[in-house]
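Below is one structure, written out as structure tokens; the observations come after it.
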């Protein structure tokens, strides 16, 4: 019975490894809702795709996509847009730090600031 359990566990590990191998690499910017309320985040990409999600307080998300750039990022809190970033704003933001992969950008009500937490 133990051999069967070990076999199924190793099969799960192999399945998980293959699943990860097929995934796109995680790319910056990494952003965190540093507010105490959920926020609505809408991100448009150069591939013409758009995501719209609700981020819980303290939730951290990798916003980049392999092979695509962010063209527009809108953040709402309590139904009001608190941040609107263009493609140029995102590029400027990423260039402002030595290694964008080592930074988490905290979304606050009045600003978005880099924090070296990653």
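The values are calculated or read from the model by the stated rules, or taken from the named source; none is laboratory data. Since the model is a prediction, treat every value here as computed from it, not as a measurement. Ideal geometry is used to build each Cβ from the backbone, glycine not excepted, and the neighbour counts take in all protein chains shown.
Consider the range 75-95. How many of its residues are in a strand (DSSP E or B) and crowded, with 16+ Cβ neighbours inside 10 Å?
6
Can you pull out the residues in the range 61-71 that are part of a strand (DSSP E or B), more than 15 Å from residue 33 (Cα to Cα) and under 14 Å from the mean Cα position of the chain (by Cα)?
65, 68, 70
Just checking, does the range 49-64 include any residue being out of contact with any strand residue (DSSP E or B) (no Cβ under 8 Å at 6 or more places or on another chain) and exposed (fewer than 15 other Cβ atoms within 10 Å of the Cβ)? Steps first, answer last, please.
So in the range 49-64, the residues out of contact with any strand residue (DSSP E or B) (no Cβ under 8 Å at 6 or more places or on another chain) come out as none.
No, the range 49-64 contains no residue that is out of contact with any strand residue (DSSP E or B) (no Cβ under 8 Å at 6 or more places or on another chain) and exposed (fewer than 15 other Cβ atoms within 10 Å of the Cβ).
Residue 98 fails exactly one of the following numbered conditions: (1) in a helix (DSSP H, G or I); (2) out of contact with any strand residue (DSSP E or B) (no Cβ under 9 Å at 6 or more places or on another chain); (3) modelled with pLDDT under 95. What is the number of that condition?
Every condition holds for residue 98 apart from (1).
For the range 36-48, which positions are surrounded by fewer than 16 Cβ atoms within 10 Å (Cβ to Cβ) and under 13 Å from the mean Cα position of the chain (by Cα)?
Residue satisfying the conditions is 42 alone.
Looking only at residues that are part of a strand (DSSP E or B) and free of Cβ contacts under 8 Å to residues at least 40 places away in the same chain in the range 101-114, which one is farthest from residue 29 (Cα to Cα)?
So in the range 101-114, the residues part of a strand (DSSP E or B) come out as 104-107, 112-114.
Now narrow it down to the ones that are free of Cβ contacts under 8 Å to residues at least 40 places away in the same chain: 113-114.
Details: 113: 12, 114: 10 Å.
Looking at the filtered set, the residue picked out is 113.
Report yes if some residue within the range 29-41 is in contact with a helix residue (DSSP H, G or I) (Cβ under 9 Å, 6 or more places away or on another chain), at pLDDT below 95 and not in a strand (DSSP E or B); otherwise report no.
Checked against the condition, which is being in contact with a helix residue (DSSP H, G or I) (Cβ under 9 Å, 6 or more places away or on another chain), at pLDDT below 95 and not in a strand (DSSP E or B), the range 29-41 yields at least one hit.
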